[in-house]
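Reading through the structure tokens given below for one structure.
The values are calculated or read from the model by the stated rules, or taken from the named source; none is laboratory data. None of the values given here were measured: they were computed from a predicted structure. No Cβ is skipped: glycine too gets one built from the backbone with ideal geometry, and neighbour counts run over all protein chains shown.
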6 protein chains.
Amino acid sequence: MADDLAENDLREKLTTVSVATLSAQLRKHGLNNVTIDGVQAAKPGSRFAGRARTLRYLPHREDLFAERGDGFNAQKRAIESLEPGEVLVMEARGERGSGTIGDILAKRAEVRGAAAVVTDGGLRDAAVVAELGISVFHGGPHPAVLGRRHVPWDIDVPIGCGGAAVLPGDWIVGDDDGVLVIPPPLVREVLGAAAEQERQERFITEQVAAGSGIEGLYPLGDIWQKRYEDWLTTLTDTE
Amino acid sequence: MADDLAENDLREKLTTVSVATLSAQLRKHGLNNVTIDGVQAAKPGSRFAGRARTLRYLPHREDLFAERGDGFNAQKRAIESLEPGEVLVMEARGERGSGTIGDILAKRAEVRGAAAVVTDGGLRDAAVVAELGISVFHGGPHPAVLGRRHVPWDIDVPIGCGGAAVLPGDWIVGDDDGVLVIPPPLVREVLGAAAEQERQERFITEQVAAGSGIEGLYPLGDIWQKRYEDWLTTLTDTE
Amino acid sequence: MADDLAENDLREKLTTVSVATLSAQLRKHGLNNVTIDGVQAAKPGSRFAGRARTLRYLPHREDLFAERGDGFNAQKRAIESLEPGEVLVMEARGERGSGTIGDILAKRAEVRGAAAVVTDGGLRDAAVVAELGISVFHGGPHPAVLGRRHVPWDIDVPIGCGGAAVLPGDWIVGDDDGVLVIPPPLVREVLGAAAEQERQERFITEQVAAGSGIEGLYPLGDIWQKRYEDWLTTLTDTE
Amino acid sequence: MADDLAENDLREKLTTVSVATLSAQLRKHGLNNVTIDGVQAAKPGSRFAGRARTLRYLPHREDLFAERGDGFNAQKRAIESLEPGEVLVMEARGERGSGTIGDILAKRAEVRGAAAVVTDGGLRDAAVVAELGISVFHGGPHPAVLGRRHVPWDIDVPIGCGGAAVLPGDWIVGDDDGVLVIPPPLVREVLGAAAEQERQERFITEQVAAGSGIEGLYPLGDIWQKRYEDWLTTLTDTE
Amino acid sequence: MADDLAENDLREKLTTVSVATLSAQLRKHGLNNVTIDGVQAAKPGSRFAGRARTLRYLPHREDLFAERGDGFNAQKRAIESLEPGEVLVMEARGERGSGTIGDILAKRAEVRGAAAVVTDGGLRDAAVVAELGISVFHGGPHPAVLGRRHVPWDIDVPIGCGGAAVLPGDWIVGDDDGVLVIPPPLVREVLGAAAEQERQERFITEQVAAGSGIEGLYPLGDIWQKRYEDWLTTLTDTE
Amino acid sequence: MADDLAENDLREKLTTVSVATLSAQLRKHGLNNVTIDGVQAAKPGSRFAGRARTLRYLPHREDLFAERGDGFNAQKRAIESLEPGEVLVMEARGERGSGTIGDILAKRAEVRGAAAVVTDGGLRDAAVVAELGISVFHGGPHPAVLGRRHVPWDIDVPIGCGGAAVLPGDWIVGDDDGVLVIPPPLVREVLGAAAEQERQERFITEQVAAGSGIEGLYPLGDIWQKRYEDWLTTLTDTE
């Protein structure tokens, strides 16, 4: 990508606003079906942002697994092709009766510089993975290997994960509230608006903490809007 | 296909044995994960067999639907490309909150000579579809159009449907017990063995109806095996 | 209601178009969350339309049931206050572990002239109810009385049923595809557009039956639009 | 059983009252958890009553199936030991991903004079079973053989089925509303009270059909109680 | 309330016994359906007690949300009307596909002195809310705003939450085991009996820790009852 | 047991390998259905291994609970009969609407030296149990007593738990990934192979951490196999 610097800058900024705020901004663009539901962070407090790479599993079928399950299969090719800052998103149909990633592959993804792995299937070696330096969001721990429920199939295709459609190249952002898909054409506008929303909410929270009621304050009505603008001028440059 | 006559003959014969029997034979080949679960016939008593064509829906996402939802979309292209005897299998992730096929497209599939449509999503115009001359197996009736829950995406790709992996070209067979996927390399062997199993079960059922106990009879033990072979010689050619 | 004749006329016409078509028209008004899901007709082939009356059950709680469960409770008051053409919609939270209506109350609703009863809870006396002259849509048969899972609570309040919000006075329409809620301000416009849509689909179906492909035909493109308009002129007045 | 005549008489009478009425009577004895939920009749309109025999499946485990799955296993022994009028109730943990009975064993149960088979697992050969002379209530059709999900384990032990505890010897009664368990010590009292309740409901239904309101009528208040008693005297002996 | 001192005293004492013990005592009064199931504390270890205030959401419907979703809606009015020690309980039908409360409103509830917020819907800003000084029990984190799944509707009405009926004014108590509803007429008796039960269990636990078997000890049989009474006399006043 | 020393040694060694690894080894023996799914540790980080003892609950039924629910019931007898190192596994049908064990019985199990309690039902007194010295794996916290959903029935019988069949005497092993059943005839072979697999994975993880790609490394291909063997020689005896 020619524009790597900007890309990295964007990724970093996306982790400074909450998934909840970004979700609210996408809703203003008419996008309500962009949350990957039913997944949790292996380590609470994880935050990440990055471009989607994708991996699709088919339901387990004995003859297909014999052909595609072992060796340098689609799952391993997906991991091995990750570039720094990317997020590997897996379609496991919400089936949690086996792992879809474990400690070794998660470690390899970390070493390759990936930002996160997101799967709506199970996670093996959950305790070890929680200690790694890469964010892993998953549908629940399970000790069994992939092949109990899945055939690793193909990579870099559009998928569904946790009820959301994900295309390679989509922006994926996650924190303790969940994981969100942002269509690339909207990402800069949504990020800018989210930063502004978080400034407003910081102001509102301060007022609430000081005892103000929320009528007219949240969302900002005319009177509080004026005070907010004054408050903005008091912020130092670094805030 | 060069071998059309044989293909048609095979399709016809597959509808003369039950899905339950074919399933038992596939199990003997180690294949247990080949049933499309959670679907029902629009008209009870439907039976069909044919080669799979596939259609994949992604979860509804507003921006993607705007690009791919309307006009001559993947769903319509799938219908319009069906050849006689084929079965269109749809991946709808078991999501039944909208129709995935309705009366007009089902009628068009019938006119094109398709053997069946199988979807793990909803069915619109269920009462009209039940009267058509094509088998439709579905996850439940729903009045809403496709776009409420799905984006029509691509055709002729491997999919999951009702928990089973389906590849284009797989044999698909359905009756009141459900829908089954048969990998093409196994179809002739499985069909032959199924026909033999049904002959045995016809014999066994006659004995049970006449008052015999099942120990040693079902499955055939040595003594009953002999009697079965005698019984076979009494069958006329057309049986 | 001063306008009873028009009201009855409207009700009758609403049963001449399918729920699927009405649902498609509501979607054009931005209304996607108006289907009562997970309910089935006690007798297949039932069709109805009418204004909503509502009944709300609370989850069973022993002390509340002692106060409100017996005698001329909210459930019975709801039935006894039904007017001709009305539809009683019950909020049972999708809990099917008891009946929420049985044969005697359904019969009384029929005698009072109600158009239908819709519940996302269970149905008692399912076989008898299927033979009545009133449409009953329900979440599944169950032999237990109401009090096993519910406390009859209040009537004529906004409710949720099968995942849809229903207000007293909303139009409710049902057929084999399911049950739909139509906000009163939209009902005439939606009905008119639905009738036109069904004329188009009748034309389209005729073309499909005669062998036409669907590209440009469904939905009507420019060329087929012209032919459709010609076809319209051939219809007799009574069609 | 020494008292066979009375036993047969009881069984016959239990099929003349509805499951819904019997359930209401059991509730008067404090028994609310006696319904086998989530099962349906292979043939709508089926009614049966009989003493429970039981069969328990364990979850499928490959090593246990190798020991106990084949040959004259617990499932077949259960069928082969059925006596006239008995009902075989199966514990399948609500797991419907395989059949738990098929046409041959159901036929054998019929020939042995069993009243019914009840399973909260799947049914194989559903279309054939629907035509037999024995009632079969099941959790849904499925083509796969038992061993896909279950190991046949033991017979004549207490079990859970459809959420209800069933002991060998319990009375089991079924109709289109579902299946009910009646503890033997209560059966005569419950049956008598149910017959009286149905007489009352027959009277009430007549009044409702004739236009009476339900307040004071259902349940019978003082005024209607008197009229009911008069009406009773008008019944002929055979009613 | 004239009796504020007693009320506060009661509230405080309710947090000194466990929800499990209170639940056992309510069962002795015949109350088994008083647990709000499927909710978890935003911060493990949270304990609270207070009087219920209620808020009801309807299922999302686009036309109703347009009328009632924005501005000083029912949700905000509910928060703004909370009095010290109250618990806001929300009916969200167990639908977790959006937040039903977030950090700003939770903070406002805290500032107003509310004891807790309980919702069977989702929680936004889960990480921030976990750090607040108010207990929040919820159905799971979700980043989306309320309007994705709900219309805020009315306050101070009887509701269902997590399968339990809740009336305004009911006592609500929560800890790591879950959330419980106590009907006000029973609260003093239940609290007293719970305190006694916990004394007994403290004694029993000591004996178990010291190696005693549980037969005759748990629950207290005659022999251990006597020893328990002796032990009671050894307790200092402050215990 | 004559062979106590070996038994204890085995138990200890089973806790030094992960459940995930043991699961992979069982799969090599054709055993895929040996995981107890849907349970979590009361205290994250718990690890245990031991021989199964079993306890079976029936679904709650009022008349049966009256007979078997109170006093020194099956649940208490199970606890009181536990021997050092044993694991009590409970069949609760995945029903989590009540506790199936609480702090006093868990403490008694600990005092008796049991290794763990595993239940697919609810856990009472979750916070206290988390602090005990015994591992408890459960389906979720719930404050209600056992009798809300269950009748304690019998002990030392084959059961199903979390979808797995468990026989008394089976080896049960648990950690943060879940709980596994190991048939006794396989345990030594599986343990040995698991230890070898973990050595390999330790080597592989070191290589991945050092930057190696996984192709040919995981699983070990010819080249890496050689290096692994060299690496083995560098390990000190105590590793």
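Here are some notes:
- Of all residues in the stretch C:5-43 being polar (S, T, N, Q), in contact (Cβ under 8 Å) with a residue 24 or more places away in the chain and in contact with a helix residue (DSSP H, G or I) (Cβ under 8 Å, 6 or more places away or on another chain), the one that is nearest to C:Ile79 (Cα to Cα): C:Thr35
- Restricting F:Asp125, F:Asp156 to those that are closer than 26 Å to D:Glu91 by Cα and acidic (Asp, Glu) reduces the list to F:Asp156.
- D:Ala106 vs. criteria closer than 15 Å to D:Pro152 by Cβ, part of a helix (DSSP H, G or I) and out of contact with any Pro (no Cβ under 9 Å at 6 or more places or on another chain): no
- B:Gly94 at pLDDT below 95 and assigned by TED's automatic domain parsing to the domain that holds B:Ala126: no
- Screening the stretch B:48-60 for residues that are within 28 Å of A:Val34 (Cα to Cα) and more than 10 Å from every other protein chain (Cβ to nearest Cβ) and picking the one that is surrounded by the fewest Cβ atoms within 10 Å (Cβ to Cβ) gives B:Thr54.
- Among (1) within 14 Å of chain A (Cβ to nearest Cβ); (2) of a type outside the set (Val, Ile, Thr); (3) in contact with a Lys or Arg (Cβ under 8 Å, 6 or more places away or on another chain), the one test that F:Trp153 misses: (1)
- Search result, residues across the stretch A:109-140 that are in contact (Cβ under 8 Å) with a residue 12 or more places away in the chain, part of a helix (DSSP H, G or I) and farther than 20 Å from F:Thr21 by Cα: A:Ala109, A:Glu110
- Some residue of the stretch E:74-92 being surrounded by fewer than 24 Cβ atoms within 10 Å (Cβ to Cβ), among the acidic types (Asp, Glu) and within 25 Å of C:Pro59 (Cβ to Cβ): yes
- Within the stretch C:158-175, being more than 12 Å from the chain's Cα centre (by Cα) and assigned to a strand (DSSP E or B) holds for C:Ile159, C:Gly160, C:Ala165.
- Taken over the stretch F:4-43, the criterion of being part of a loop (DSSP other than H, G, I, E, B), among the β-branched types (Val, Ile, Thr) and either buried (at least 16 other Cβ atoms within 10 Å of the Cβ) or in contact with a strand residue (DSSP E or B) (Cβ under 7 Å, 6 or more places away or on another chain) (or both) is satisfied by F:Thr15, F:Val17, F:Val34, F:Val39.
- Flag for A:Ala6 being within 30 Å of A:Asp125 (Cα to Cα) and out of contact with any Leu (no Cβ under 8 Å at 6 or more places or on another chain): no
- C:Val89 being under 30 Å from E:Pro183 (Cβ atoms) and in contact (Cβ under 8 Å) with a residue 40 or more places away in the chain: yes
- Candidates in the stretch D:1-47 are the residues that are within 20 Å of D:Val89 (Cα to Cα) and of a type in the set (Val, Ile, Thr); of these, the one that is farthest from the other protein chains (Cβ to nearest Cβ) is D:Thr15.
- Residues that are more than 14 Å from chain B (Cβ to nearest Cβ) and in contact with a Leu (Cβ under 9 Å, 6 or more places away or on another chain) were ranked within the stretch C:158-183; the one that is farthest from C:Phe65 (Cα to Cα) is C:Pro183.
- Considering residues of the stretch E:55-92 that are outside any loop (DSSP other than H, G, I, E, B) and among the aromatic types (Phe, Trp, Tyr) only, the residue farthest from E:Ile172 (Cα to Cα): E:Phe65
Here is a yes/no grid of residues against (1) in the same structural domain as C:Cys161 (by TED's automatic domain parsing); (2) in contact with a helix residue (DSSP H, G or I) (Cβ under 9 Å, 6 or more places away or on another chain); (3) more than 24 Å from C:Leu186 (Cα to Cα):
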| site | (1), (2), (3) |
| --- | --- |
| C:Gly45 | yes, yes, yes |
| C:Ala52 | yes, no, no |
| C:Pro59 | yes, no, yes |
| C:Glu62 | yes, no, yes |
| C:Ala66 | yes, no, yes |
| C:Ile79 | yes, yes, yes |
| C:Val87 | yes, no, no |
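- Any hit, the stretch C:78-94, residues being in contact with a His (Cβ under 6 Å, 6 or more places away or on another chain) and among the polar types (S, T, N, Q): no
- Scanning the stretch B:121-150 for residues that are more than 11 Å from every other protein chain (Cβ to nearest Cβ) and under 30 Å from B:Asn33 (Cβ atoms) returns B:Gly121, B:Ile134, B:Ser135, B:Val136, B:Phe137, B:His138, B:Gly139.
- Qualifying residue in the stretch E:51-63 (condition: within 14 Å of the chain's Cα centre (by Cα), basic (Lys, Arg) and over 30 Å from F:Val128 (Cβ atoms)): yes
- Tally of residues being part of a helix (DSSP H, G or I), within 13 Å of chain E (Cβ to nearest Cβ) and free of Cβ contacts under 8 Å to residues at least 60 places away in the same chain across the stretch A:185-221: 9
- Qualifying residue in the stretch A:202-216 (condition: touching a helix residue (DSSP H, G or I) at 6+ places or on another chain (Cβ under 9 Å) and closer than 30 Å to A:Arg96 by Cβ): no
- Filtered residues of the stretch C:141-157 (kept if part of a loop (DSSP other than H, G, I, E, B) and either surrounded by 20 or more Cβ atoms within 10 Å (Cβ to Cβ) or touching a helix residue (DSSP H, G or I) at 6+ places or on another chain (Cβ under 6 Å) (or both)): C:His142, C:Pro143, C:Ala144, C:Val145, C:Arg149
- From the list E:Asp103, E:Asp70, E:Asp63, the lone residue that is surrounded by fewer than 18 Cβ atoms within 10 Å (Cβ to Cβ) and within 10 Å of another protein chain (Cβ to nearest Cβ) is E:Asp70.
- For D:Ile79: the one exception among (1) over 29 Å from C:Ala42 (Cβ atoms); (2) within 13 Å of chain F (Cβ to nearest Cβ): (2)
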